[in-house]
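The values are calculated or read from the model by the stated rules, or taken from the named source; none is laboratory data. Just so you know, these numbers come straight off a predicted model, no measurement behind them. Every residue, glycine as well, gets a Cβ built from its backbone with ideal geometry; the counts of neighbours run over all protein chains shown. Keep in mind that these areas ignore ligands, DNA and RNA; they rest on the heavy atoms of the full protein, side chains included. Shrake-Rupley method; radii C 1.70, N 1.55, O 1.52, S 1.80 Å.
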Amino acid sequence: MHICGWREEKLISVRRALMTARINVKVSRVPELQDPLTILAPMLRVRPEIQDFCRFGGAWRAVHQQEQQGWVAFHIVTKGACSIERTGQPGVMLEAGDVLLLPHGDAHVVYGGGPNPEFRDVVVTYRDYIRVKETQGAPVETELICGRLHLETTSENLLLRTLPHVIVLRLGGMSSFSSLVTMIREELTLDRGGAAAITRDLASGLFMMLLRHHLETEPPANGLLALLSARETGRAVTAMLNEPAKNWALDELASVAMVSRATLVRAFRRLSGIPPLAFLTEVRLGIARNRIAQTSDGLGQIAVDAGYQSEAALSRALQRRFAMRPGAMRKLAEDEGGPD
């Protein structure tokens, strides 16, 4: 009787251990849902380029051409007021403390000084690779910091796709933003050594905060951040971002997401326009393209880390997706300033 009781107790103990092991395995496989920007932060870099520090008075006009794909144009008004107009669209009025972003880099015109005026000449000088533009013969009434930024994310196209053509952020009175803008303006005005590098780093932090502010006030209905936020897709997306080189199968992703295959595919198509494994391809190619452009890592290692069996396989995939081979991508990056 004692032996039977011991055996029964032992069996109960083994069953409990097995149940605990199953629970632990399951928990380790399922990523917890987190704040989308927290997930993206290690993979997302905002690379700003402050191009112009503008000090205008009287009637003036500045034309800005279409930016390259993936670049976001921006204007920060630090003094006075102006208007910005995209081709065929009504003008947007901006005042001191406002920031305007053009996520798709649309061509536009910035102007001030009243309707149908005779525009003043603008003199351009250079300070540490930043253009200083000033009107002649009039006191300074408006100051602008103008430039562009690149969102260097593994799924850049999916992220930018969620953003509208124009974002206006009225930041007057928001001390955290105002302090950064003031520091950027002071660096540009004082023209001390290293101003370009300092303002670039300050602008990087500023625009991550601006992106967060916009997404908090206007949550996206589709795209990468919507995928990360949605219950049906968030865990699967997190898993792919964390292990992009893994040979993910649709069944495994559905298991991680704790939904059926059909539900997962429907949710991905609704929120991003592509199925899960096509999203994985976008992630892999984005990782590879950024590393080619931003590092001197060997192409073979980049291919392995991005989930491709060989450098040749990665090269073919990049050619199909971006119409450019790795060597051409790296050369273009070097011509534009070289890897960090």
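For E232, only one of the following conditions fails: (1) touching a residue at least 60 places away in the same chain (Cβ under 8 Å); (2) crowded, with 18+ Cβ neighbours inside 10 Å; (3) not small (G, A, S). What is its number? That leaves (1) as the condition not met. Scanning the range 265-300 for residues that are open to solvent by less than 50 Å² (accessible area, probe 1.4 Å) and farther than 24 Å from Q69 by Cβ returns V265, A267, P276, G298, G300. Within the range 166-224, the residues that satisfy the criterion of being part of a helix (DSSP H, G or I) and of a type in the set (D, E, K, R) are R185, E186, E187, R200, D201, R212, E216. L253 meets each of the listed conditions (1) within 24 Å of the chain's Cα centre (by Cα); (2) in a helix (DSSP H, G or I); (3) more than 30 Å from K331 (Cα to Cα) apart from (1).
Every residue, every condition in (1) assigned to a strand (DSSP E or B); (2) of a type in the set (D, E, K, R); (3) in contact (Cβ under 8 Å) with a residue 40 or more places away in the chain; (4) out of contact with any Lys or Arg (no Cβ under 8 Å at 6 or more places or on another chain), yes or no:
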| site | (1), (2), (3), (4) |
| --- | --- |
| C54 | yes, no, yes, no |
| Q69 | no, no, no, yes |
| I76 | yes, no, yes, yes |
| E85 | yes, yes, no, yes |
| L100 | yes, no, yes, yes |
| D106 | no, yes, yes, no |
| E118 | no, yes, yes, yes |
